[in-house]
Amino acid sequence: MSAGLIRLIWYAFLAYLIYAVIRFFSRSGQKTRPRPAAKSGREAGLMVRDEVCNTYLPREDAVREVQGGKELFFCSQACRKKYLDRGQESTRPASPSP
């Protein structure tokens, strides 16, 4: 190898070394931000099914309703209302026929 090529490699190595040292010290002065904590428990990432339109959505985004000790989930207030209206119709007594 020629002396010129060795000198070029040496200068490139020194330039990289200086860059790495500057980068290291510039980062050490910065405070690191804590990562957002993941939601604890089994609910994180759990998908639930809407009782009316049968779509699946994350549990934390669902509209929740408890009936008879059973937890129900809905994608929107409109689906929740449809479900509740449907339940009221089925529990109404039949009107007597004349």
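Return the long-range amide H neighbours of SER76 (sequence gap of 5 or more, or a different chain), with a cut-off of under 5 Å between placed amide H atoms.
Excluding prolines and chain starts, which carry no amide H, the hits are VAL63.
Take peptides 74-84, 49-59 and line them up by average Cβ neighbours within 10 Å, highest first, as a rough protection proxy.
Final packing ranking: 74-84, 49-59.
Note down the nm distance, to one decimal, between modelled labels 7 Å out along Cα→Cβ at PHE13 and at LYS70.
7.4 nm
On full extension of the chain, what length is gained from VAL63 through ALA3, given 0.36 nm per residue of separation minus the C-alpha to C-alpha distance?
Length difference between fully extended and current span is 14.2 nm.
Kindly write out, for the stretch 67-74 in residue order, the coupling ³J(HN,Hα) from the Karplus curve 6.51 cos²θ - 1.76 cosθ + 1.60 (θ = phi - 60°), rounded to whole Hz, with x marking Gly and Pro.
These are the phi-based 3J(HN,Hα) values: 9, x, x, 9, 8, 10, 10, 9 Hz.
Read-outs: derived from the displayed coordinates by stated rules, not from any lab. It should be emphasised that the depicted structure is a prediction, and the values quoted were computed from it without experimental measurement. A quick note on method: Cβ atoms are made from the backbone with ideal geometry, for glycine too, and the neighbour counts reach across all protein chains shown.
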